[in-house]
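Colleague: Please find one structure pasted underneath; my questions will follow.
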Amino acid sequence: MPDLSLLTSKRLLLGLTGGVAAYKAAELARLLVQDGAVVQTVMTESACHFIGAATLQALTGKPVFTDLWQANSSNNMAHINLSREMDAILIAPASADFIAKLANGLADDLLATICLARECPLLIAPAMNRQMWENPATQRNLATLQGDDVKILGPASGEQACGEFGMGRMLEACELAAAMRMIFHSKWLQGKCVLITAGPTFEAIDAVRGITNISSGKMGYALAGAALEAGATVTLVSGPVCLAPPAKAKCIDVVSAKEMLTAVKNEIPHADIFISVAAVADFSVTTTRQQKIKKTDHPLTLELMPNPDILKFVTDLPEAPFCVGFAAETEDLEKNAENKRRKKKLPLIVANQAQDAIGADESALILLDDNGKQYLPSASKINQARLLIKHIAQLYKKQCD
Ligand code: C5P
């Protein structure tokens, strides 16, 4: 099973400067290590007032560097050695003061010196009070850094530690880890637009009841994340789920199959690739009651009508994008999936065993296309999504050549 953890064995320097958001850096370190990265932490003196070096040491399994004059390298050149050994440097949190230092090429502490001496990509996650963020001096410094090819991640807007509201909150650890992965990703889908449907649809019977399919949306959301990592612009049309969408995707929330179809019709003219992961309900009731149907002792008959087949609508378009379908089956998985592939005129269908895949964090997949089939043994949906996006990009490229 290929390891698609993009950070495996990557050497990352995590730099902390002074700010309340330093507490988020602990979680970030944990996520990066979990993804296989070797993380070396460097903290400024101010950062040490906000979070203990021991926490970062425990999470990364490596002693933390704090001082330019620490005698922890044989030649006393920690700043040069550390910067040379790294694949990327991420400063999180990056204070207004540290940003000013970087913009002006100052090197009066270990972290600033490492940044100045670096040969690898530098990313910064600003964190500060909203007025410090808005100050023209800070904005000038950020523009300088952008011109110097430094990648600026965030900040987000919201409630601040000082009680004010506005721009300046550091991005969450998971968003920063995702940005870090992007640095190392092959951009298979650079410049392409990918439209994904995900989750279930819900077809109302009355004010409080409805028909739906069991679907967590995990696979569709993982694919949206993997397509973004591969450089695509992603639109995610999602039925009701309890998941946070990837920050950079355009998200359109829908409830019923009809609403999903409308959203897909609106978005499809921009799409190069359409991935239909949604578990669309096959039926909806002929007449939805506005009020709650009262309970009685008599049998209740509901008249159902078939829902539109969204994927078929797209594949039937005269200029259809490259289409990928999903088939969740409880029996005769390969046979049923291949039949669906032919019926819906799909270059690729992804088959999975409904009982094992629905709601789970892992799944085993079978990819069926014109070249035959490929088995992807059980793995996390994130990993499967990355493999699948790579496969889709290869087939798409072949089709375009
Ligand atoms: O429901 P079925 O097994 O036919 O689903 C196969 C593929 O067709 C899936 O990709 C699903 O998202 C799509 N589909 C659809 N609209 C429907 C039913 C299924 O787009 N009404």
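The values are calculated or read from the model by the stated rules, or taken from the named source; none is laboratory data. This structure is a prediction, so every number in the text was calculated from the model and none was measured. Note that each Cβ is placed from the backbone with ideal geometry, even for glycine, and that neighbours are counted across all protein chains shown. We work out accessible area using only protein heavy atoms, side chains counted, and drop any ligands, DNA or RNA first. Shrake-Rupley method; radii C 1.70, N 1.55, O 1.52, S 1.80 Å.
Colleague: Can you pull out the trypsin sites (Lys or Arg not before Pro) in the stretch 262-342 whose DSSP state is coil and whose Cβ has at most 15 other Cβ atoms within 10 Å? It would help to have the intermediate numbers written out before the result.
Modeller: Values: sites: 265, 289, 292, 294, 295, 312, 335, 340, 341, 342; in loops: 289, 292, 294, 295.
Those that pass, being in a loop and sparsely packed, are 289, 292, 294, 295.
Colleague: Spelling out what I want: for every residue of the stretch 138-145, take phi, set θ = phi - 60°, compute 6.51 cos²θ - 1.76 cosθ + 1.60 (Karplus), and round to whole Hz; glycine and proline get x.
Modeller: For the stretch 138-145, the Karplus curve yields 5, 4, 4, 4, 5, 4, 4, 5 Hz.
Colleague: Within the set of other residues whose C-beta is less than 15 Å from the C-beta of residue 264, count the net charge using Lys and Arg as +1 and Asp and Glu as -1.
Modeller: -2
Colleague: I've got another one for you. Alpha carbon centre of the stretch 172-231 versus the stretch 366-396: separation in Å?
Modeller: 16 Å
Colleague: 222 nm [θ] for the chain, helices only, -39500 (n - 2.57) per DSSP H run of 4+, per residue, to 500?
Modeller: Values: 15 runs with 143 residues, N = 401.
Here the helix-only value at 222 nm equals -10500 deg cm²/dmol.
Colleague: Shifting gears a bit: Which lysines have a Cα lying under 16 Å from the Cα of residue 343, excluding residues fewer than 8 positions away in the same chain?
Modeller: 312, 335
Colleague: What is the stretch 296-401 by shape, rounded, prolate or oblate, if you read a ≥ b ≥ c off the alpha carbon gyration tensor as root eigenvalues and call it rounded for a/c under 1.5, prolate for a/b larger than b/c, and oblate otherwise?
Modeller: Numbers: a/c = 2.37, a/b = 1.40, b/c = 1.70.
In terms of gyration-tensor shape, oblate.
Colleague: Given a 1.4 angstrom probe, what's the average accessible area per residue across the chain, in square angstrom? All intermediate terms of the calculation are to be shown ahead of the outcome.
Modeller: On the way: 19460 Å² over 401 residues.
Accessible surface, normalised per residue, equals 49 Å².
Colleague: Can I ask one more? Averaging the inverse of every distinct alpha carbon separation and then flipping it gives the Kirkwood radius. What is it for the chain, in angstrom units?
Modeller: On the way: mean 1/r = 0.0424 Å⁻¹.
When all Cα pairs of the chain are included, the Kirkwood radius is 23.6 Å.
Colleague: Anything over 25 Å Cα to Cα? Flag those among 101/248; 218/250; 340/397; 373/397; 218/258, in the order listed. Walk me through the intermediate numbers first.
Modeller: On the way: 101/248 29 Å; 218/250 17 Å; 340/397 23 Å; 373/397 19 Å; 218/258 22 Å.
The pairs that break the limit, which is 25 Å between Cα atoms, are 101/248.
Colleague: Rounded if a/c is under 1.5, else prolate if a/b is larger than b/c, else oblate: which is the stretch 108-184, with a ≥ b ≥ c the root eigenvalues of its Cα gyration tensor?
Modeller: Values: a/c = 1.97, a/b = 1.36, b/c = 1.45.
Judged from the Cα gyration tensor, the stretch 108-184 comes out oblate (a/c at least 1.5, b/c at or above a/b).
Colleague: Carbon-plus-sulfur fraction of the accessible area of the chain, 1.4 Å probe, in percent?
Modeller: Summing carbon and sulfur atoms, their accessible area is 52 percent of the total for the chain.
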